[in-house]
Amino acid sequence: MKGPDCSGLKYCSVREFSTCEVLAPKPVFNGQLPSLQNPNHTEIDEEEGRPTMPNLSVLVTVLTVLPFVCLSFSPESPTHRRLLVLLDDHSLQSSHSIFFHSLTSRGFDLDFKLAEDPKLSLQRYGQYLYEGLVLFAPSAHSFGGALDVQSVLDFVDAGHDLILTADASASDLIRSIAKQCGVNFDEDSSAVVIDHTNYAVLETQGDHTLIASDDFIQSDVILGKKKFEAPVLFKGIAHSLSASNSLVLKVLSASPSAYSANPNARLSYPPSLTGSAISLVSVLQARNNARVLISGSTDMFSNKLFRSAVQKVGNSNKFEKSGNEQFVTELSKWIFHEIGHLKAVNVRHNKVGENNEPAIYRINDDLDYYIEIYEWSGKSWEPYVANDVQVQFFMMSPFVLKTLETDQKGQYHTSFKVPDVYGVFQFKVDYHRLGYTSLSLSKQIPVRPFRHNEYERFIPTAFPYYGASFTTSAPTIWFRFCRWLGFLSSALSSCTTSKQTAKTMHETTLHGADPPFFLSTFVEGLLIVTYKVAWEAWGQTLYKFGLALGLRMVIVESNSYESISSLSDSLENGWEAYPTLVKVKRLGESFQDCYSSWTPRSANMAADSLASQRSPKMCDVTWVNRPHLR
């Protein structure tokens, strides 16, 4: 942890302490530290080369703060930290020396002060000077200096650790701090824990308020893996856990026969705390991983109970040494993060088959997620191995929840498919395990839908819809196919009839007849007739032939413009062909539609050729006014 950048001081962690130095702002004059109070500093004693009084005060301030900052907590090494120990009186420093010595032997720097010291302060220049606080002042009614209940709670809220002990003389100040941490001491200030079946025997008689307890929390992380041989001696007040605080745990509990009362007074009402509801020692790990130990006995940490032999009443087993030292030592290691401390590093994710972390994923992408977790062993970081670490792919709620696989070397990995939902997702790891610091990691990543050119040509899930579409259109296709077959059959039949008719006409011509027309085709009831000169007999034969076929429409084509004009418009009498044209027009009215159309001779070569072959025999009558043929 680094302090504020003030007074030209380089703040460093314990691991950098050997190279910690004071850096003077440039320029440096004669190797001396310039005044930080006055930028235009020129106050140097040229004769003796010493800084004057303003410089000297700055230098003293820097050197005073330097040890505190250099011993600050480093997240890379959660040991070698500075602890503030507040005492009721200095005699506790000697009566509890074994406990204090165990802390210093593990690298902690202890700063002993009285609880009423007027210079007490937990922070300076906005930075905390200590990483832990030990309150062995159960009878203190107030703290000195700038320390109060709120400053202690802020100290814990900032992620720092606390050990608080009490006894029968516990003040309202200590009770208030404990209550804010989810622990409620017995409201009867004269009450202590009494147990008539689980007390320690001392020489010839036993003290029923000296409890011998071996009801420990089942956690190798909090109390270590070494089994407790002897029970722990406890002499103090009882407390219960707040039902509204789920973070508080009982570490040492009383037996079902214990109760809290005044041992020097007769009970006039049932005790408020009895049995297993009584907690002797409790711990709290806050959501920011700050740890708090609350004990109802200060004597439990004393040299006397550390070295005391112990024997439970009614039990023949006698132990030369109580389990207090082992219990307190292991528990203090956990409180000050020497054990049970986790860190997560190298959190990354990428698409399968790639190494770079993308800025955005696409729905249905396959991805890999990696994280490395290590545990502090007290001396170094060791791989943390567990099978219950999970990652969530989260947006409002978890869309994917996967258990990570470990390679036994600290790295955890899993693979999964991005859900078919686009939006802003998070990779979340919320790991909470009894005794270990919590890991709460979150990494945001957006997910986009397919672009218009990224969709599959045929989506497998849409096959039922494809089938329904074809099933619906199949009858329509079949109906059109059948209609086309009917049309084709009708056309072929018409063509056959036309060929037979043409053959009949040709035979008639060969036998000397003079057909004045040429039948070209029949198409779906349409008769197209091309003729050169419309004679009466052949005109009647033509229309009778059409009526016999049941035709509804007849189109008559000729290269005689005057004849076609006469049939299309009103007929004028005076032309020798008038009677014939009148009969032709009347016969044409027998059809639903009858049209006359002029066609040039160049487009009527077939009919003209047939007519020209028989032209000398066509008629023995000479037209007076022969029509002009175009």
Loop-resident GluC sites (Glu not before Pro) in the range 126-204 with no more than 16 other Cβ atoms inside 10 Å, DSSP not H/G/I/E/B, are 187, 203
Charge sum, other residues only, whose C-beta stays under 14 Å from residue 231's C-beta, Lys/Arg counted +1 and Asp/Glu -1 = -1
The answer for GluC sites (Glu not before Pro) in the range 282-382 that fall in a DSSP coil and have at most 11 neighbouring Cβ atoms within 10 Å is 320, 354
Per-residue ³J(HN,Hα) for the range 144-158, Karplus 6.51 cos²θ - 1.76 cosθ + 1.60, θ = phi - 60°, Hz, x for Gly and Pro | x, x, 8, 8, 8, 4, 5, 5, 5, 5, 5, 4, 6, 4, 7
Efficiency of FRET from Cβ geometry, residue 368 and residue 97, R₀ 51 Å, rounded to 0.05 | 0.40
Amide proton proximity set for residue 594, modelled H, under 5 Å, gap of 5+ | 554
In sequence order, calculated HN-Hα J values of the range 187-197 (Karplus, 6.51, -1.76, 1.60; Hz; x Gly/Pro) | 5, 6, 5, 9, 7, 9, 7, 10, 8, 8, 10
Exceeding the 20 Å Cα-Cα cut-off - candidates 227/321; 343/379; 379/443; 226/321 | 379/443
For residue 409, the net charge from surrounding residues (Cβ-Cβ under 11 Å; K, R +1; D, E -1) works out to -3
Whose amide H sits under 5 Å from the amide H of residue 163, counting only residues 5 or more places off or on another chain, with H placed in the peptide plane?
-> 133, 134, 135, 293
What is the gain in length, in nm to one decimal, between residue 227 and residue 597 on full extension, counting 0.36 nm per residue of separation less the C-alpha to C-alpha distance?
-> 121.0 nm
With θ set to phi - 60° and the Karplus curve 6.51 cos²θ - 1.76 cosθ + 1.60, what are the ³J(HN,Hα) couplings of the range 343-350 in order, to the nearest whole Hz, using x for Gly and Pro?
-> 9, 10, 9, 6, 7, 8, 8, 6
How many nm separate the modelled label positions at residue 586 and residue 390, each set 7 Å beyond the Cα in the direction of the Cβ?
-> 10.5 nm
Non-local residues with an amide H under 5 Å from the amide H of residue 199, with H modelled 1.01 Å from N and Pro and chain starts lacking one, are 212, 313
Residue 382 versus residue 490, label points 7 Å from Cα toward the beta carbon: distance in nm?
-> 9.7 nm
Within the range 403-461, list the GluC sites (Glu not before Pro) lying in a DSSP loop whose Cβ has at most 16 other Cβ atoms in a 10 Å radius.
-> 454, 456
Which FRET efficiency, nearest 0.05, do residue 148 and residue 303 yield, Cβ-Cβ r, R0 35 Å?
-> 0.65
Here the gain from full extension of residue 220 to residue 89, 0.36 nm per residue of separation minus their alpha-carbon distance, amounts to 43.7 nm
Roll a 1.4 Å probe over the protein heavy atoms and report the accessible area of residue 594 in Å², nearest 10.
-> 50 Å²
Based on the Cβ-Cβ distance of residue 426 and residue 313, what FRET efficiency does E = 1/(1 + (r/R0)^6) give at R0 = 60 Å, to the nearest 0.05?
-> 0.55
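The values are calculated or read from the model by the stated rules, or taken from the named source; none is laboratory data. Fair warning: this is a prediction, and the values are worked out from it, not measured in the lab. So basically every Cβ, Gly included, is an ideal-geometry build from the backbone, and we count neighbours across all protein chains shown. Note: areas computed on protein heavy atoms with side chains; ligands, DNA, RNA excluded. Shrake-Rupley method; radii C 1.70, N 1.55, O 1.52, S 1.80 Å.
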